[in-house]
Amino acid sequence: MSWALIPLTEEQRAVQLAAREFAAAEIAPYSATWDREARFDRSVVGKLAALGFLGMLVPEAWDGLGLDSCTYLVALEEIAAVDASVAVLMSVHNSLPTQMILRYGSEEQKERFLRPMARGAALGAFALSEPEAGSDASTLRTQAVRDGDAWVLNGTKAWVTNGDSADVILAMARTDTPSDRKGPRGIGAFIVTPDLPGLTIGKKEDKMGLRASPTVQLHFDNLRLPAANLLGEPGRGFIYAMQSLDHGRLGIAAQAIGIARAALECATAYAAERRQFGHPIKEFQAIQFKLADMATRVTASRALLYAAAAAKDRGEPITQFSSMSKLMASETAMWTTTQAIQILGGYGYVTDYPAERLFRDAKVTEIYEGTSEIQRIVIARELYAGS
Ligand code: CAA
């Protein structure tokens, strides 16, 4: 799949190659088994860490690689093209909890949490959603109450990627009081560690796709946190989370593009080999038109993503572009994987080829880190911003 539209720097090319070789050697041989058995192999974390892939966006002063967003997304696409479960681990860790601590953490919090996260010695998770608060995230109910030099948290977080394996969990909880609710401005961001009494891992989701990525509920039952584990200001946690999701959504776009590209590669190779009516099926226009549309959508999604990431690297606001990128890339992933199955026919519907796994993995990119409907709301709102 050509990258000709995106002129990569020498460094980006080197990172791309390293990610591609790593994915081929350390992930590809196991992906189908991990998916079938819904198995998260923790050794992957150490291997990603060894490459520096869990601290890609963290400055070298905090033990990260200090790379820009574009370079990070190049690597993420390579991983996603081989295994979307490993890609989401990498995306959530790099884009959400790590970025939140980097942007809003105190020096002490950076020393304690960011440094090990950047080295990959500590895995991060992001806990915003709740059973009753998904798209309408600011209605979350988990309550934090200040008690002396501690905060006491009660509630349940849902859909937490890496939640049962994380060493550092960024959890959003209400800091306002039931008698004085402040909506999105009454939420704090807390750094939760699994050693704290009062934290239990709840239901592990049995998912359609991304089966090698653990997704769990977390229960906080009088979970007592040192006051020093509050990130930034008590009423700003929702805004920190939204700002981090601007970046997180670029990661999900890269993941979706990786999935879509893998589906295109699978279908292209199959169409060259498969013979019907005396010809390889790639000679039929019905197949050519599908492949052409798939390639066009993948290339357009990638071009939008890199334009958005370049804006981010220039320090410009990206809320709208990030939602556009995620929307376009995730719909491309779903559409492209559907076309791939159609081209493979019966072989697309069984596990002999990766097409069915790619199709199952693609679906969630239209749902998590904001559904396609939420992305459209964000995009439309921005059209009227300032008017
Ligand atoms: N950047 C900075 N600030 C932002 C912001 C952004 N992108 N988006 C909102 N804000 C600020 C607003 O400016 C506002 O601040 P003020 O009070 O100062 O004006 C405040 O946050 C509240 O904003 P809204 O009034 O827009 O809030 P809302 O309740 O209407 O919600 C929403 C907006 C866009 C619908 C938001 O709720 C949303 O994004 N929902 C989807 C949630 C989501 O993506 N969840 C994914 C969870 S993570 C996950 O998927 C699991 C995983 O591990 C992969």
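For the reader, a short list of remarks on this structure follows.
- Residue within segment 288-305 that is buried (at least 17 other Cβ atoms within 10 Å of the Cβ) and within 16 Å of the ligand (Cβ to nearest atom) present: no
- Of residues in segment 349-387 being at pLDDT below 95, in a loop (DSSP other than H, G, I, E, B) and within 15 Å of the ligand (Cβ to nearest atom), the one nearest to residue 294 (Cα to Cα): 385
- Among residues of segment 243-254 that are closer than 7 Å to residue 326 by Cβ, those with a Cβ under 9 angstrom from a residue that is among the β-branched types (Val, Ile, Thr) and more than 9 Å from the ligand (Cβ to nearest atom), sequence gap 6+ or separate chain, pair up as 252/365; 253/365.
- A residue that is acidic (Asp, Glu) and farther than 22 Å from residue 90 by Cβ occurs nowhere in segment 152-164.
- Residues that are within 23 Å of residue 212 (Cβ to Cβ) and either touching a Cys at 6+ places or on another chain (Cβ under 7 Å) or surrounded by fewer than 20 Cβ atoms within 10 Å (Cβ to Cβ) (or both), drawn from segment 335-357: 338, 340, 347, 349, 350, 351, 352, 353, 354, 355
- Tally, over segment 111-124, of residues that are within 22 Å of the chain's Cα centre (by Cα) and charged (D, E, K, R): 2
- Enumeration of residues in segment 185-224 that are in a loop (DSSP other than H, G, I, E, B) and either without any contact (Cβ under 8 Å) to a residue 60 or more places away in the chain or of a type in the set (Ser, Thr, Tyr) (or both): 193, 194, 195, 196, 197, 198, 205, 213
- Which numbered condition residue 315 misses (of (1) within 16 Å of the ligand (Cβ to nearest atom); (2) assigned to a helix (DSSP H, G or I)): (2)
- Segment 109-133: number of residues that are in contact (Cβ under 8 Å) with a residue 60 or more places away in the chain, part of a loop (DSSP other than H, G, I, E, B) and touching a strand residue (DSSP E or B) at 6+ places or on another chain (Cβ under 8 Å): 3
- Candidate set from segment 205-232 (those that are buried (at least 18 other Cβ atoms within 10 Å of the Cβ) and polar (S, T, N, Q)); member that is nearest to residue 367 (Cα to Cα): 215
- Selection count where residues are in contact with a helix residue (DSSP H, G or I) (Cβ under 6 Å, 6 or more places away or on another chain) and part of a loop (DSSP other than H, G, I, E, B), scope segment 26-40: 1
- Some residue of segment 271-278 being touching a helix residue (DSSP H, G or I) at 6+ places or on another chain (Cβ under 7 Å), within 16 Å of the ligand (Cβ to nearest atom) and either among the small types (Gly, Ala, Ser) or part of a helix (DSSP H, G or I) (or both): no
- Residues of segment 4-57 that are over 13 Å from residue 75 (Cα atoms) and of a type in the set (Phe, Trp, Tyr): 30, 34, 40.
- In segment 310-334, the residue that is surrounded by the fewest Cβ atoms within 10 Å (Cβ to Cβ) out of those that are without any contact (Cβ under 8 Å) to a residue 60 or more places away in the chain and either closer than 14 Å to residue 298 by Cβ or not assigned by TED's automatic domain parsing to the domain that holds residue 291 (or both) is 331.
The values are calculated or read from the model by the stated rules, or taken from the named source; none is laboratory data. This one's a predicted model, so the numbers in the text were calculated from it and none came from an experiment. Don't worry about glycine lacking a Cβ; one is built from the backbone with ideal geometry, like all the others, and counts go over all protein chains shown.
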